[in-house]
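Undergrad: Dumping the structure here so I can ask a few things about it.
The values are calculated or read from the model by the stated rules, or taken from the named source; none is laboratory data. This structure is a prediction, so every number in the text was calculated from the model and none was measured. Virtual Cβ from ideal backbone geometry, glycine too; neighbours counted across all protein chains shown. Accessible surface is based on the protein model in full, side chains and every heavy atom, while ligands, DNA and RNA are left aside. Shrake-Rupley method; radii C 1.70, N 1.55, O 1.52, S 1.80 Å.
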Amino acid sequence: MRSWIFVLATNLLLAQAPNPSVPAPAPPAPAPIRFEDIAAKAGLHFITQNSPTPNKNQVETMVAGVALLDYDGDGYLDIYLVNGAAIPSLKKESPAYWNRLFHNNHDGTFTDVTEKAGVAGAGYGMGVAVGDYDNDGRPDLFVANVTGNQLFHNNGDGTFTEVTEKAGLSGAKHDGKKMWSTAGGWFDYNNDGRLDLFVVNYCVWEVDKDPYCPLKSGVRTYCHPKLYTSLHNTLYRNNGDGTFTDVSQETGIASHQGKGMSVSFADYDGDGFLDAFVANDTTPAFLFHNLGGKQFKEVGVATWVAYAPDGSTLSGMGSDFRDVNNDGAPDIWYTAVEHQSFPLLINSKGGDFDDRTVASGLQATSEMSGWGNGIFDFDNDGWKDLFVARSNVLDNISELTPARHYPEPNSIFRNLGNGKFEEVSGTAGPDLQAEGAHRGVAFGDLDNDGRVDMVVTVLGGQVKLLHNITDSGGHWILLKLVGTNSNRMGIGAQIHVTTEDGRSQWNEVTTSVGYAASSDSRVHFGLGVNRLIKDLEIRWPSGIKQTLHDVPVDRVITVEEPKK
């Protein structure tokens, strides 16, 4: 018997279910996608500390990530921010370096609860991944560090316990030294109902031992990644008892060396097993094809995702792996640096991908440097748009070329629904256009009003909370999935909705989005003028298929997986 539970957000746009017999109005003219930075008035005070030095340590330009999660189960997203540390100690020598957890007060403000929660962290931080690894219904935190990684178990009482050593997740080693991890991602690669962990590793590095790389005569800058040795990524299998086993070798993950920056997951070939895309910095991108939950085959070259169309490698940064064109197949969009463009790779449904970067109108990204990114419907018109957090890599680039700036404005591209995208940053509000050394970005509906918001970290600067104030009038639905046979968070579940106008959309449950960040696990659909979802189909990781009919919109709904 299908079971599903309506959980109404406290600030619904509609107080009751709409009447499906009332004819839908004519589509309105597109409203500008707009955001307002409310971090200051929300009490979200946080500066990403990277401890810049004259030695230009490579880690200094890379921090840091952010996560959105409902850690206390009150129905509202909280914010976790990762921070750097002092150099050369690579330790959090003062509270200025702490990672920070901010509790959502439900009134547009946040309270710092870091000390009470016990999640200040240790070492030089990079990324964060949210996942309920023990299926207790509470999201846990994995923090990827240059130094030892950390796993924080959610105790369910507002506190976390650091269980890294017990879990076996402090980090794999290369030549006896812990590898520099940039990001992590939770997914159930073998469909056993338990979340496994993919850790992205970058390069061999030691503090204050970077090569001397001149920007120009007498001016030192950060070195090109080609001067550092690549590393392999790490895959940890969940043993179901609070511990993990490193299966990187036996699954084939460790056979491939790169400079990993991000990982995102989707079942690109529809075989029921999640695959992993890794954006690499100056080395070919990886697409790890999941061979039935036992091994992975790296197929980046064979599927045309490893290189740019001209055969060059890209400085891959953030990535997202989901359906952009509403054809039911997950696509890939990832970021790079200026003069390269941000590749949009459309799933051909034939086992490979087509590069549509230029054809889609995204060639303008060749003038940008991007870090975090995401594919979300910001105006609720039924088409997913693109956002990128931008900044140059080199903090002194203007000394070489005055026209090039280290801080850059963020950019947003509206999906026109015809395979084309239009940059609409100029009408998205002054806060979105403000320049900064932007890095990570996490996406989620922070006030449950049906519009996707963003939290963007700024290297050496105040974090931004970009509240979505788009006034499109589009309808929406936000789905929280609860697995029973599948993992509790439903990560990897694929969702297909058909609206009353006959249009279809697809999306999936994931937290692994962008660069070093973790987004809301709830799945958002913009529905345009539609006031009813005719059919809502879910394919759970367990293989169970569930269909709901005549689902009302403009609300948050929890759907529980039917038990076998």
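Undergrad: Going residue by residue through the stretch 274-286, is there one that turns out to be touching a helix residue (DSSP H, G or I) at 6+ places or on another chain (Cβ under 7 Å), in contact (Cβ under 8 Å) with a residue 40 or more places away in the chain and farther than 20 Å from residue 487 by Cβ?
TA: yes
Per-residue answers, yes or no, for (1) part of a strand (DSSP E or B); (2) under 19 Å from residue 381 (Cβ atoms); (3) at pLDDT below 95:
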residue	(1), (2), (3)
477	yes, yes, no
497	yes, yes, no
516	no, no, no
549	yes, no, no
558	yes, no, no
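Undergrad: Could you list, in sequence order, the residues of the stretch 353-371 that are open to solvent by 10 Å² or more (accessible area, probe 1.4 Å) and touching a Pro at 6+ places or on another chain (Cβ under 8 Å)?
TA: 355
Undergrad: Here's a follow-up. If you go through the stretch 293-304, how many residues are open to solvent by 40 Å² or more (accessible area, probe 1.4 Å) and either farther than 19 Å from residue 200 by Cα or touching a His at 6+ places or on another chain (Cβ under 7 Å) (or both)?
TA: Just the residues of the stretch 293-304 that are open to solvent by 40 Å² or more (accessible area, probe 1.4 Å), to begin with: 294-295, 297-298, 301-302, 304.
Applying the additional criterion that residues be either farther than 19 Å from residue 200 by Cα or touching a His at 6+ places or on another chain (Cβ under 7 Å) (or both) yields 294, 297-298, 301-302, 304.
Selection size over the stretch 293-304: 6.
Undergrad: Being touching an Asp or Glu at 6+ places or on another chain (Cβ under 8 Å) and open to solvent by less than 20 Å² (accessible area, probe 1.4 Å) is the requirement here; does residue 474 meet it? Break it down stepwise before answering.
TA: Details: touching an Asp or Glu at 6+ places or on another chain (Cβ under 8 Å): yes; open to solvent by less than 20 Å² (accessible area, probe 1.4 Å): yes.
In short, yes.
Residue by residue, here is whether (1) open to solvent by less than 10 Å² (accessible area, probe 1.4 Å); (2) in contact with a helix residue (DSSP H, G or I) (Cβ under 8 Å, 6 or more places away or on another chain); (3) more than 23 Å from residue 127 (Cα to Cα); (4) of a type in the set (A, V, I, L, M) holds:
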{"position": "491", "(1), (2), (3), (4)": "yes, no, no, yes"}
{"position": "497", "(1), (2), (3), (4)": "yes, no, yes, yes"}
{"position": "505", "(1), (2), (3), (4)": "no, no, yes, no"}
{"position": "525", "(1), (2), (3), (4)": "yes, no, yes, no"}
{"position": "533", "(1), (2), (3), (4)": "yes, no, yes, yes"}
{"position": "542", "(1), (2), (3), (4)": "no, no, yes, no"}
{"position": "555", "(1), (2), (3), (4)": "no, no, yes, no"}
{"position": "561", "(1), (2), (3), (4)": "yes, no, yes, no"}
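Undergrad: Restricting to the stretch 84-104, and then to whatever is in a loop (DSSP other than H, G, I, E, B) and basic (Lys, Arg), can you tell me which residue is most open to solvent (accessible area, probe 1.4 Å)?
TA: Residues of the stretch 84-104 that are in a loop (DSSP other than H, G, I, E, B), as a first pass: 84-94, 98-99.
Now drop any that are not basic (Lys, Arg), which leaves 91-92.
Working: 91: 131, 92: 35 Å².
Across the stretch 84-104, the extreme among qualifying residues is 91.
Undergrad: Take residue 355 and tell me if it is touching a residue at least 12 places away in the same chain (Cβ under 8 Å) and farther than 30 Å from residue 461 by Cβ.
TA: Working: touching a residue at least 12 places away in the same chain (Cβ under 8 Å): yes; farther than 30 Å from residue 461 by Cβ: yes.
Yes.
Undergrad: Please go through the stretch 239-292 and give me each residue that is surrounded by fewer than 16 Cβ atoms within 10 Å (Cβ to Cβ) and either among the hydrophobic types (A, V, I, L, M, F, W, C) or within 24 Å of residue 541 (Cα to Cα) (or both), ordered by number.
TA: Passing the criteria: 239, 240, 241, 242, 243, 245, 250, 270, 271, 291, 292.
Undergrad: Of (1) at pLDDT 95 or above; (2) part of a loop (DSSP other than H, G, I, E, B); (3) open to solvent by less than 70 Å² (accessible area, probe 1.4 Å), residue 25 satisfies all except one. Which?
TA: Just one mismatch for residue 25, condition (1).
Undergrad: Being under 15 Å from residue 36 (Cα atoms) and β-branched (Val, Ile, Thr) is the requirement here; does residue 455 meet it? Show your work before the answer.
TA: Values: under 15 Å from residue 36 (Cα atoms): yes; β-branched (Val, Ile, Thr): yes.
It is true that residue 455 is under 15 Å from residue 36 (Cα atoms) and β-branched (Val, Ile, Thr).
Undergrad: Quick one: which strands (runs of 3 or more DSSP E) lie wholly within the stretch 245-333 and hold at least 3 residues that are closer than 30 Å to residue 497 by Cβ and touching a strand residue (DSSP E or B) at 6+ places or on another chain (Cβ under 6 Å)? First the steps, then the outcome.
TA: Values: elements: 260-266, 275-280, 286-291, 295-298, 319-322.
In the stretch 245-333, the matching strands (runs of 3 or more DSSP E) lie at 260-266, 275-280, 286-291, 319-322.
Undergrad: Another one. Restricting to the stretch 105-135, what's the tally of residues that are over 15 Å from residue 65 (Cα atoms), within 20 Å of the chain's Cα centre (by Cα) and open to solvent by less than 10 Å² (accessible area, probe 1.4 Å)?
TA: 2
Undergrad: Let me ask another. What residue, of 382, 374, 350, is assigned to a loop (DSSP other than H, G, I, E, B), crowded, with 22+ Cβ neighbours inside 10 Å, out of contact with any Ser or Thr (no Cβ under 6 Å at 6 or more places or on another chain) and not aliphatic (A, V, I, L, M)?
TA: Working: 374 fails: assigned to a loop (DSSP other than H, G, I, E, B); 350 fails: crowded, with 22+ Cβ neighbours inside 10 Å.
Matching residue, one of 382, 374, 350: 382.
Undergrad: (1) open to solvent by 10 Å² or more (accessible area, probe 1.4 Å); (2) within 17 Å of the chain's Cα centre (by Cα); (3) not small (Gly, Ala, Ser): which one isn't true of residue 457, the others all being true?
TA: Result: residue 457 fails condition (1) only.
Undergrad: Quick check: anything in the stretch 260-272 under 30 Å from residue 193 (Cβ atoms) and without any contact (Cβ under 8 Å) to a residue 60 or more places away in the chain?
TA: Our first condition is that a residue be under 30 Å from residue 193 (Cβ atoms); within the stretch 260-272, this holds for 260-272.
Next, from what is left, pick out any that are without any contact (Cβ under 8 Å) to a residue 60 or more places away in the chain: 270-271.
Looking through the stretch 260-272, at least one residue is under 30 Å from residue 193 (Cβ atoms) and without any contact (Cβ under 8 Å) to a residue 60 or more places away in the chain.
Undergrad: Kindly check whether there is at least one residue in the stretch 408-431 that is touching a strand residue (DSSP E or B) at 6+ places or on another chain (Cβ under 6 Å), part of a strand (DSSP E or B), buried (at least 19 other Cβ atoms within 10 Å of the Cβ) and of a type in the set (A, V, I, L, M).
TA: Yes: the stretch 408-431 contains one or more residues that are touching a strand residue (DSSP E or B) at 6+ places or on another chain (Cβ under 6 Å), part of a strand (DSSP E or B), buried (at least 19 other Cβ atoms within 10 Å of the Cβ) and of a type in the set (A, V, I, L, M).
Undergrad: Which ones in the stretch 51-83 are within 30 Å of residue 394 (Cβ to Cβ), assigned to a loop (DSSP other than H, G, I, E, B) and either open to solvent by less than 20 Å² (accessible area, probe 1.4 Å) or free of Cβ contacts under 8 Å to residues at least 60 places away in the same chain (or both)?
TA: Of the residues in the stretch 51-83, the ones within 30 Å of residue 394 (Cβ to Cβ) are 51-68, 79-83.
Filter once more, keeping what is assigned to a loop (DSSP other than H, G, I, E, B): 51-57, 62-65, 82-83.
Within the stretch 51-83, 51, 57, 62, 63, 64, 65, 82, 83 meet the criteria.
Undergrad: For the stretch 136-237, list the strands (runs of 3 or more DSSP E) that sit wholly inside it and hold at least 3 residues that are open to solvent by less than 10 Å² (accessible area, probe 1.4 Å) and not hydrophobic (A, V, I, L, M, F, W, C); which are they?
TA: Numbers: elements: 140-145, 150-154, 160-162, 181-187, 196-201, 214-216.
Strands (runs of 3 or more DSSP E) meeting the threshold: 181-187.
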